[in-house]
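A.B. asks: To start, I am sharing the structure in question, which I have written as structure tokens.
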Amino acid sequence: MVEINENFLELQDSYLFSTIAKKIDEFTKNNPDKEIIRLGIGDVTKPIVPACVDALVKASKEIGTSEGFKGYGPEQGYDFLRKAIVKNDYNSRGINISENEIFVSDGAKCDCGNIVDIFANNNKVAITDPVYPVYLDTNVMSGRSGRYNEETQTYNNIIYLPLSADNDFKPELPKEKVDMIYLCFPNNPTGTVLDKSELKKWVNYAKENKSIILFDSAYEAFITDDDIPHSIYEIEGAKDVAIEFRSYSKTAGFTGLRCAYTVVPNSVYGYTSEGKKISLNKLWNRRTTTKFNGVSYVIQRAAEATYSKEGKKQIDESISFYLENAKIIKEGLIEAGYTVYGGDNSPYIWLKVPNNMTSWDFFDILLKEANVVGTPGSGFGPHGEGYFRLTAFGTREKTIEAIKRIKNI
Ligand code: PLP
């Protein structure tokens, strides 16, 4: 008899996107003449920029020649891309990272999820709430969460770090000792950021407690304020306590192409149960070479092109476009009397639902009265209740129209 990993039975079904789809279906059936605008999507809409397309075409032709053919590549990524990452994403900000600390992958989602492989199951995990669900669910699957409590909608062994207007969306240091800390800034779903002094607190905490910070900076390209760090390694001492996840998905529209990378510094360590120091870079390298065969050559060439002069310029234009959408949404909502967060250094706008309505009540009103779809905050965790997420990934025309309609509710 084959036994299953019963941790999977502890996972809670997420009805968020299926419920949204069902509600849209029903509304469309009853109101076939109404045009719905979707500002709930977390996917980009602008095409891959020409510099990356050119690189894809060139690399594709290259592998069709005997001299240029590529079979299996290095599991950790080709040198040309690791070099470009070090130079452009780190050295340019005064951060000293070496190429063997970079692991190129097919997505930050996989990396954030797979990283749990190298940590013991008795580690105490802290996550922000609301949260990108991957951090929580992958710890449930691997048996670190404990049982789910229906009443509180939380897992017994997970330490939740609330993000709300009450703490200005800045997570407070946990009262008890935690080992693995997930931080994502600019944050999905709240769109809020942490400045250097706030991040420094976490780095100090991790040092004092021999914890690891798992820092997801998938949205760093949207940062425009000078005092907001793009990388956790801008904080002194972070190279001893943090692993960083980056992605080309939102930066360069690679959600379909798939390319990302993880930085595991040579100076981050974990411990055996006897307290012996072990290099996390070595463990992650071993895991990567065992379970992964690398990102395709053509995709890595496209990722490299994001750092070319034209690539940077074209990507800047796309990001500016989304940020302008975010500004339109944010300013429009403020004019309409809403309390709004995020949206300045992020494609996400997080609004406080008016009149003590629930997030789902507001979803229904927005759909019925403005024919606009967003994402209920409660779908991202219990502290998301009473909030609502809109995204800046729509077209300009639809974004403007959506805000016009919301103003008229
Ligand atoms: N991290 C966060 C916070 C995200 O919101 C997303 C995607 O929405 C990802 C990671 C996934 O990135 P990738 O497309 O590289 O898997």
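A.B. asks: Using a 1.4 Å probe and ignoring any ligands, DNA or RNA, find the accessible area of GLU3 and quote it in Å² to the nearest 10.
C.D. replies: Per-residue accessible area (GLU3): approximately 140 Å².
A.B. asks: Please give the length that would be gained between SER66 and GLU335 if that part of the chain were fully extended, namely 0.36 nm times their separation in residues minus their C-alpha to C-alpha distance (nm, one decimal).
C.D. replies: 90.7 nm
A.B. asks: With every protein chain left in place, what is the accessible area per residue of the chain in square angstrom, probe 1.4 Å?
C.D. replies: 46 Å²
A.B. asks: Considering only Cα-Cα distances, which of the following residue pairs are longer than 32 Å: LYS124/LYS312; LYS175/LYS312; LYS87/LYS124; LYS46/LYS87?
C.D. replies: From LYS124/LYS312; LYS175/LYS312; LYS87/LYS124; LYS46/LYS87, over 32 Å: LYS124/LYS312; LYS175/LYS312; LYS87/LYS124.
A.B. asks: Here's a follow-up. Can you give me the relative contact order of the range 330-379 as a percent, contacts being Cα pairs under 8 Å and 6 or more apart?
C.D. replies: It comes to 22 percent, rounded to a whole number.
A.B. asks: Using Cα-Cα distances under 8 Å and only pairs 6 or more residues apart, what relative contact order does the chain have, in percent?
C.D. replies: Relative contact order of the chain: 23 percent.
A.B. asks: Go through 24-37, 107-120, 176-189 and give me the packing order, highest mean Cβ count within 10 Å leading.
C.D. replies: Sorting 24-37, 107-120, 176-189 by mean packing, highest first, produces 176-189, 107-120, 24-37.
A.B. asks: From Cα pairs below 8 angstrom and at least 6 apart in sequence, can you work out the relative contact order of the range 280-409, rounded to a whole percent?
C.D. replies: Relative contact order of the range 280-409: 22 percent.
A.B. asks: What's the FRET efficiency of ASP195 with ASP166 using the Cβ-Cβ distance as r and R₀ = 25 Å, to the nearest 0.05?
C.D. replies: FRET efficiency, ASP195 to ASP166: 0.85.
A.B. asks: Among DSSP beta bridges whose residues both lie in the range 96-224, state the antiparallel percentage, nearest 5.
C.D. replies: About 15 percent, rounded to the nearest 5.
A.B. asks: Could I ask something else about it? Could you order HIS383, HIS230 by accessible surface area, starting with the largest, using a probe radius of 1.4 Å?
C.D. replies: HIS383, HIS230
A.B. asks: If I model a spin label as a point 7 Å beyond the Cα along the Cα-Cβ vector, how far apart are those points for GLU6 and ASP316 in nm?
C.D. replies: Here the modelled spin labels are 5.8 nm apart.
A.B. asks: Excluding residues on the same chain fewer than 8 positions from LYS200, give the aspartates and glutamates whose Cα lies under 14 Å from its Cα.
C.D. replies: Once the sequence-local aspartates and glutamates are set aside, what remains near LYS200 is GLU172, GLU208, ASP227, GLU234, GLU236, ASP240.
A.B. asks: Roughly how many Å² of LYS58 are accessible to a 1.4 Å probe, to the nearest 10?
C.D. replies: We get 150 Å² for LYS58.
A.B. asks: Net charge near ILE319: determine it from the other residues with C-beta under 12 Å of the C-beta of ILE319, scoring Lys and Arg +1 and Asp and Glu -1.
C.D. replies: Value of the local net charge: 0.
A.B. asks: Putting +1 on Lys and Arg Cβ atoms and -1 on Asp and Glu Cβ atoms, find which of PHE215, GLY113, PRO174 reaches farthest to the positive end of the dipole of the range 53-307.
C.D. replies: GLY113
A.B. asks: Something else: If you rank MET1, MET357, MET141 by how much accessible surface each has, with a 1.4 Å probe, what is the order from largest down?
C.D. replies: The residues order as MET1, MET141, MET357, largest area first.
A.B. asks: Let me ask something else about it. Apply the a/c threshold of 1.5 to the C-alpha gyration tensor of the range 1-78 and tell me whether it is rounded, prolate or oblate.
C.D. replies: The shape class here is oblate.
A.B. asks: Express in Å², to the nearest 10, the accessible area of SER296 obtained by rolling a 1.4 Å probe over the protein heavy atoms while all chains stay in place.
C.D. replies: 60 Å²
A.B. asks: Percent antiparallel among DSSP beta bridges with both residues in the chain, to the nearest 5?
C.D. replies: That works out to approximately 55 percent antiparallel.
A.B. asks: Compute the separation of the alpha-carbon centres of the range 149-186 and the range 1-63 and state it in Å as a whole number.
C.D. replies: 27 Å
A.B. asks: I've got another one for you. At 1.4 Å probe size, put VAL140, VAL298, VAL53 in order of accessible surface, largest to smallest.
C.D. replies: From most accessible down to least: VAL53, VAL298, VAL140.
A.B. asks: Give me the net charge for the shell around ASP179: Cβ to Cβ below 14 angstrom, other residues only, Lys and Arg +1, Asp and Glu -1.
C.D. replies: Once all neighbours under 14 Å are counted, the net charge is +3.
A.B. asks: By how many nm would the segment from LYS46 to ASP117 lengthen if fully extended, with 0.36 nm per residue of separation less the alpha-carbon distance?
C.D. replies: Gain on stretching LYS46 to ASP117: 22.1 nm.
The values are calculated or read from the model by the stated rules, or taken from the named source; none is laboratory data. Keep in mind the model is a prediction, meaning the values are calculated, not measured. All Cβ positions, glycine included, derive from the backbone under ideal geometry; neighbour counts span all protein chains shown. Heavy atoms of the whole protein, side chains included, go into the accessibility calculation; ligands, DNA and RNA do not. Shrake-Rupley method; radii C 1.70, N 1.55, O 1.52, S 1.80 Å.
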